[in-house]
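Q: One structure, as structure tokens, below. Some questions next.
We did not get these values from a lab; they are worked out from the coordinates using the rules stated. Model, not experiment: these values are computed from the prediction. Don't worry about glycine lacking a Cβ; one is built from the backbone with ideal geometry, like all the others, and counts go over all protein chains shown.
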Amino acid sequence: MFRALSAAALLLCVSHPHASAAEITLWSPGAVASSLRELIPQFEQASGHKVTVQYSPALALVDKLKSGEAGDVAIVGSSAADELMKLGKFTAGSKVLIARVGVGVFVRRGDPKPDISTREAFVRSVMNAKVISYSDPKLGGTAANYVGHLMDSLDITGSIAPKTKLTPPSKPLADFVASGGADFGLNQITEILQDPRLELVGPLPADIQFYTEYAAGVMAASVQRDVDKALIAFLSTPAASTIMKSKGFTQF
């Protein structure tokens, strides 16, 4: 039933689905991967177009796009999309907000869960932990950069840094926590939920939460902009939003 609704929504975006099939390169942060794995096959089936998804940490992806990385559509942070449009890397007026995600705390499935119910409880849990882990901010992750700044602001006594293990983004972080290397980790909620070895403790408390808003845009060098716009239109349908919400995104 849902697939039928998704296909119907897509057909409203594509005038002649299966005519002149195109190949699209879509750049995306890893946080959107779980949603795209479900949505892209639906788009391909209904439109006849082929989409190849390339993943990169969000901030590193922006640098790639600024440097002239080839592709057709890219998903980046909302403010980065505005910047890319000003630089002429996105076509004017093509930015569409598609999703928003917060930062969460996670443990290896079955491990004790720290108390993160309030800012004070979160700080106590950090102080009581033997090891905490998150992605190395220097490698270009949006959430990692925020978490790095947050930890620096909390580390008044200098006791947090020595117990912090920084990893490369995504799978290495999940692998480290899943192997029992840390009491808990921090990452974007969508990335936590896509790994069955991990268990989400919950989002950061509201007063220290950070949301990343993702927007899709048509890359200026693309020569198939109508198809690009059809893909973006599909990713912003209510049906697509329902799938994204099931993967950990929140509504605007």
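Q: List the residues, sorted by chain then number, that are 5 or more residues from Arg100 or on another chain and whose placed amide H is less than 5 Å from its amide H.
A: Excluding prolines and chain starts, which carry no amide H, the hits are Tyr214, Thr250.
Q: While we're here: Summing +1 for each Lys or Arg and -1 for each Asp or Glu, what net charge is found among the other residues whose Cβ lies under 10 Å from the Cβ of Thr91? Walk me through the intermediate numbers first.
A: Details: positive: Lys89, Lys95, Arg225, Lys229; negative: Asp228.
That works out to +3.
Q: Roughly how compact is region 102-208, stated as its Cα Rg over 2.2 N^0.38 Å to two decimals? It would help to have the intermediate numbers written out before the result.
A: Details: Rg = 12.2 Å, N = 107, 2.2 N^0.38 = 13.0 Å.
Compared with the compact-globule rule of thumb, region 102-208 sits at 0.94.
Q: Which cross-chain or sequence-distant (5 or more) residues have an amide H under 5 Å from the amide H of Thr167, H modelled 1.01 Å from N in plane?
A: Correct list: Tyr134, Ser135, Asp136.
Q: Okay, moving on. Add -39500 (n - 2.57) for each DSSP H run of 4 or more in the chain, then divide by its residues: what number comes out at 222 nm, to the nearest 500 deg cm²/dmol? Kindly include the intermediate steps, with their values, before the conclusion.
A: Values: 10 runs with 99 residues, N = 252.
Rounded to the nearest 500, the figure is -11500 deg cm²/dmol.
Q: Which one, Leu65, Tyr214, Leu186, projects farthest toward the positive side of the charge dipole computed for the chain from Cβ point charges (K/R +1, D/E -1)?
A: After comparing all options, I get Leu186.
Q: Moving on. Could you compute the net charge surrounding Lys130? Neighbours are other residues with a C-beta less than 10 Å from the C-beta of Lys130; K and R count +1, D and E count -1. Can you show the working numbers first?
A: On the way: positive: Lys163; negative: Asp183.
For residues surrounding Lys130, the net value is 0.
Q: Please list, ordered by chain and number, the residues whose modelled amide H lies under 5 Å from the amide H of Thr25; skip anything fewer than 5 residues away on the same chain.
A: Amide H neighbours of Thr25, under 5 Å, 5+ apart: Thr52, Asp72, Val73.
Q: Next question. Roughly speaking, what is the centre-to-centre gap between region 49-119 and region 173-200 when only Cα atoms are used, to the nearest Å?
A: 19 Å
Q: Give a residue-ordered list of calculated ³J(HN,Hα) values for region 69-75 (Karplus: 6.51 cos²θ - 1.76 cosθ + 1.60, θ = phi - 60°; whole Hz; x for Gly, Pro).
A: Running phi through 6.51 cos²θ - 1.76 cosθ + 1.60 with θ = phi - 60° gives 3, 6, x, 10, 9, 9, 10 Hz.
Q: Give the aspartates and glutamates whose C-alpha is closer than 18 Å to that of Lys171, dropping any in the same chain fewer than 8 places away, or say none.
A: The reachable aspartates and glutamates, counting only those whose Cα sits under 18 Å from Lys171, are Asp136, Asp183, Glu191, Asp195, Glu199.
Q: A further question on this structure: So if I take the centroid of the Cα atoms in region 135-165 and the same for region 218-239, what is the distance between those two points in Å?
A: 36 Å
Q: To continue, here is another question. Straight-line reach from Lys66: which lysines have Cα under 22 Å away, leaving out those fewer than 8 places along the same chain?
A: Cross-link targets: Lys86, Lys89, Lys95, Lys138, Lys229.
Q: Still on this structure: For Val51, what is the net charge nearby, where nearby means another residue's Cβ is under 12 Å from its Cβ and Lys, Arg count +1, Asp, Glu -1? Intermediate values should be presented prior to the final figure.
A: Working: positive: Arg37, Lys50; negative: Glu23, Glu44, Asp72, Asp228.
That sum, taken over residues with Cβ under 12 Å, equals -2.
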